[in-house]
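Here the structure comes first, spelled out in structure tokens, and everything after it is commentary.
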Amino acid sequence: MNQPDSTAHPPLMGLAALIRLSFEGQDLRPLAKRFLQRAQDDPTDANALMDLATTLELNLQPEVGLGVQAQALQMCAHYCVLKPANARLRVLCLMAPGDLSTNAPLAFLLEDSDVALDMLFVGEGVAPVASLPEHDVLFCAIGESEATHPLLDRLKPIMDTWPRPVLNPPERVMRTSRDGAHALLHDAPGIIMPPSRRLERADLECLGRSELTLETLLPGERFPVLVRPVDSHAGHDLAKLHSAEEIAAYLEPLKETRFFLSPFVDYRDADGQFRKYRVVLIDGRAYAGHMAISSHWMIHYLNAGMRESAEKRTEEARFMQNFETDFARRHAAAFEAINQRLALDYLVIDCAETTTGELLIFEVDTGAVVHSMDPPDLFPYKLPAMHKVFDAFRALLAKAAAEN
């Protein structure tokens with residue numbers, strides 16, 4: 001079956017533009033209605049369906065959004081994301097069906113650049129393509145998860161013989177699972193990465209009933225512990241449990257069947273505050289992403305009160321402005337070990353510092369959002385730091401293309 005030509009319809013608005021509107025507090029419902037009307041007027045308008053799917057998920061209707069995405073992908077696998085008039089590089093981004101955390105959102109890194117970006121979806125339920133879009137570099141944007149493992153496995157031999165340079169090849173992306181990354185990094189110099197034990201729900205239930213001991217599951221560790229569903233990100237259903245008696249109440253509202261169990265490391269500083277850092281590793285070099293400060297151990301940048309506190313922003317500004325000579329230098333051995341052992345071209349690290357100065361790693365991921373959406377009047381220091389990241393990513397692409 002011939003796929004509809006997405007270029008014959010209004011262009012894709014895309015994830016980055018839609019998230020930016022949501023981030024700014026705009027009501028996306030009028031846009032959703034517009035996309036729906038376009039799809040009803042022209043059933044071959046896959047761009048409208050894809051944008052509608054993204055808008056629905058941003059409006060907290062993920063199941064409906066995934067259903068609409070599936071309709072779009074049955075119709076068309078290829079979407080043009082960025083098409084600058086002065087394009088000097090063409091990047092094909094390999095994507096998997098799924099929610100907003102499934103793939104790396106590369107458009108944030110390439111907005112206002114001279115790089116053309118196309119998405120090609122692959123996997124079950126996706127329409128086949130008659131021919132591949134022209135490209136200089138292929139970037140595997142599919143993140144690691146239980147859902148994507150079979151697809152990443154199938155892609156490996158294909159990527160091994162791909163006619164263009166491949167960045168973030170699938171077999172390396174699979175190294176970023178919580179337990180896989182721990183196996184690779186736990187003994188690296190300057191790094192503390194607590195073990196993540198993958199458990200069936202029944203194992204947690206047995207721990208809650210004292211039919212299993214914590215020592216059996218996490219030798220040498222004691223409560224409190226962290227528990228979360230496998231494939232959970234951004235703190236979704238993550239909890240700190242202080243005793244086995246709390247497990248039943250934690251599990252009661254959840255339907256998930258597999259979980260990660262980890263020891264909790266108290267990383268608060270002398271002032272009682274927790275500090276969490278996002279670091280971007282590009283072609284082996286570390287760049288500042290952001291820094292969040294909170295009195296709560298589970299930190300998300302958006303709820304850490306950074307907008308409300310000039311003092312916190314001043315500290316983040318120092319972190320970003322002095323990153324190369326301070327944080328990156330102090331943890332140079334740790335970043336080099338991560339680069340050598342994971343060997344990914346692009347990687348995002350969420351981390352902290354222990355009280356004894358090691359790099360405490362929470363997660364390594366290829367799909368975290370790295371952006372420049374924060375208002376420049378409140379965060380004037382962020383745009384220069386983000387441009388360092390964007391320039392480094394563009395240089396990575398150019399270097400790969402030159403090696404072809």
For the range 110-174 the mean separation of alpha carbon contacts under 8 Å (6+ apart) over residue count, i.e. relative contact order in percent, is 36 percent
D_trans [Stokes-Einstein, Kirkwood Rh over alpha-carbon pairs] for the range 248-404, 37 °C, 0.692 mPa s, µm² s⁻¹: 192 µm²/s
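Give, rounded to the nearest 20 debye, the magnitude of the charge dipole that the chain has about its Cα centre when Lys and Arg contribute +1 at Cβ and Asp and Glu contribute -1 at Cβ. Please report the intermediate quantities before stating the final value.
On the way: 39 positive and 57 negative charges, 112 e Å.
Its charge dipole is roughly 540 debye.
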Using the heavy atoms of the protein chains and a 1.4 angstrom probe, tell me the accessible area per residue for the range 1-96 in square angstrom. 52 Å²
Using a 1.4 Å probe on the protein heavy atoms, what percent of the accessible area of the chain belongs to carbon and sulfur? 52 percent
What accessible area, in Å² to the nearest ten, does a 1.4 Å probe give for H296? 90 Å²
Which of L36, P224, F260 sits closest to the plus end of the dipole of the chain, meaning its Cα is farthest towards the positive end, when Lys and Arg get +1 and Asp and Glu get -1 on the C-beta? L36
At 1.4 Å probe size, with every protein chain present, just tell me what the per residue accessible area of the range 106-265 comes to in Å². 46 Å²
Can you return the lysines within cross-link range of K382? Criterion is Cα-Cα under 24 Å, with same-chain partners fewer than 8 residues away left out. K276, K312
To the nearest 20 Debye, how big is the dipole of the range 311-404 about its Cα centre, given +1 on the beta carbon of each Lys and Arg and -1 on that of each Asp and Glu? 240 debye
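With both partners inside the range 90-169, how many of the DSSP beta bridges are antiparallel, as a percent to the nearest 5?
For the range 90-169, the DSSP antiparallel bridge percentage is about 10.
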Can you give the convex hull volume of the alpha carbon atoms of the range 72-146 per residue, in Å³? 95 Å³
Name the residue farthest towards the positive end of the dipole of the range 270-404 from the options I293, H371, M306, assuming +1 on Cβ of Lys and Arg, -1 on Cβ of Asp and Glu, about the Cα centre. H371
Helix-only [θ] at 222 nm, the chain, -39500 (n - 2.57) per DSSP H run of 4+, per residue, nearest 500, equals -10000 deg cm²/dmol
Could you tell me which of T354, H387, A401 has its Cα farthest along the dipole of the range 343-404 towards the positive end, charges placed at Cβ (Lys, Arg +1; Asp, Glu -1), taken about the Cα centre? A401
What aspartates and glutamates does K399 reach when the alpha-carbon gap must be under 16 Å and sequence neighbours fewer than 8 apart in one chain are set aside? D114, D136, D283, D345, D391
Beta bridges by DSSP in the chain, antiparallel share as percent, to the nearest 5: 70 percent
Could you pull out every one of the lysines with an alpha carbon less than 22 Å from that of K255, ignoring same-chain neighbours closer than 8 positions? K240
Hey, what angle do you get for helix 332-342 against the long axis of the chain, alpha-carbon based, 0 to 90 degrees rounded to 10? 60 degrees
The size of the Cβ-based charge dipole (Lys, Arg +1; Asp, Glu -1) of the range 262-368 about the Cα centre, to the nearest 20 debye, is 120 debye
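The values are calculated or read from the model by the stated rules, or taken from the named source; none is laboratory data. Please read these numbers as outputs of a predicted model, since none were measured by experiment. All Cβ positions, glycine included, derive from the backbone under ideal geometry; neighbour counts span all protein chains shown. The protein model used for the area step is the full one, side chains on, heavy atoms only, and it has no ligands, DNA or RNA in it. Shrake-Rupley method; radii C 1.70, N 1.55, O 1.52, S 1.80 Å.
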